1. Taking all protein chains in place and a 1.4 Å probe, what share, in percent, of the accessible surface of the chain do carbon and sulfur account for?
2. Can you order the peptides 56-67, 106-117 by their average number of other Cβ atoms within 10 Å per residue, highest first?
3. Report the relative contact order of the chain, percent, no decimals, based on alpha-carbon pairs under 8 angstrom and at least 6 residues apart.
4. In straight Cα distance, which lysines are under 16 Å from K68, not counting same-chain residues fewer than 8 positions off?
5. May I ask you to give the solvent-accessible area per residue for the stretch 1-42, in square angstrom, as obtained with a 1.4 angstrom probe?
6. Using each residue's phi in the stretch 90-98, evaluate 6.51 cos²θ - 1.76 cosθ + 1.60 at θ = phi - 60° and report the 3J(HN,Hα) Karplus result to the nearest Hz, with x for Gly and Pro.
7. Relative to the first principal axis of the alpha-carbon coordinates of the chain, what is the inclination of helix 134-145, with its axis defined by its Cα atoms, in degrees from 0 to 90 and to the nearest 10?
8. At a probe radius of 1.4 Å, what is the per-residue accessible area of D87, in Å² to the nearest 10?
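The values are calculated or read from the model by the stated rules, or taken from the named source; none is laboratory data. Owing to the predicted nature of the structure, the values given are computational and were not obtained by experimental measurement. Cβ placement follows ideal geometry from the backbone for every residue including glycine, while neighbour counts extend to all protein chains displayed. Protein only, heavy atoms only, side chains kept; ligands, DNA and RNA dropped before computing areas. Shrake-Rupley method; radii C 1.70, N 1.55, O 1.52, S 1.80 Å.
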Amino acid sequence: MLIKMVKKLGIFFVLLSLVAYFFGAYLVNQGIRIGIEAWGAQVAQTKISLGSVNVSLLSGTGTLNNLKVTNPSDFEQEYILTLDLVDLDIQTSSLIGDTMIINEIYIKSPTINYEKNRAGTNLEVLLKNIKTSKNSNKAESFDRTGEDSPDTRNVMVKKLIIENGIVNIEFLGTTA
């Protein structure tokens, strides 16, 4: 009788652990998606959307699907950048060190819409937005003094693959 009860409790705890693991993974993925959209939009001062995120903290792999960065205002194209798929392979042991090591970044089907109008280019406007955002001021002040920020970490990318990229160029209403 005691053995049956121990077996049932064991099965219950295994099932509970599996549910907790998958629910935790779901929460982590949603948190990353919401964080990228919110923080990215705040820094770029334009809307950023992300279809889905699938990250495994144990293996260090992750996939971002359908990332879209809206063009700054006063430009015709809806998006300045779209990425169908981004696969990442991060060396998990490097997450606690000074240098984060990314073994591979694979980007599939990026589309960049480069536009120039009387106000300048959309890339110039986006970069200006990033430089003037509240989140970039702290890092910029350290850059001017030549010191490293205490929050600054180095990132090393061993392999970068970009496949099937498209760049659309538009100058004053003329597409090239």
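1. Working: 7510 of 12160 Å².
In the chain, the share of accessible area belonging to carbon and sulfur is 62 percent.
2. Numbers: 56-67: 15.3, 106-117: 17.5.
Peptide ranking by packing, descending: 106-117, 56-67.
3. On the way: 292 pairs, mean separation 32.4, N = 176.
18 percent.
4. Those lysines meeting the cut-off are K47, K108.
5. On the way: 3600 Å² over 42 residues.
Normalised by residue count, the accessible surface of the stretch 1-42 is 86 Å².
6. 9, 6, 4, 5, 7, 5, 9, x, 6
7. 70
8. 50
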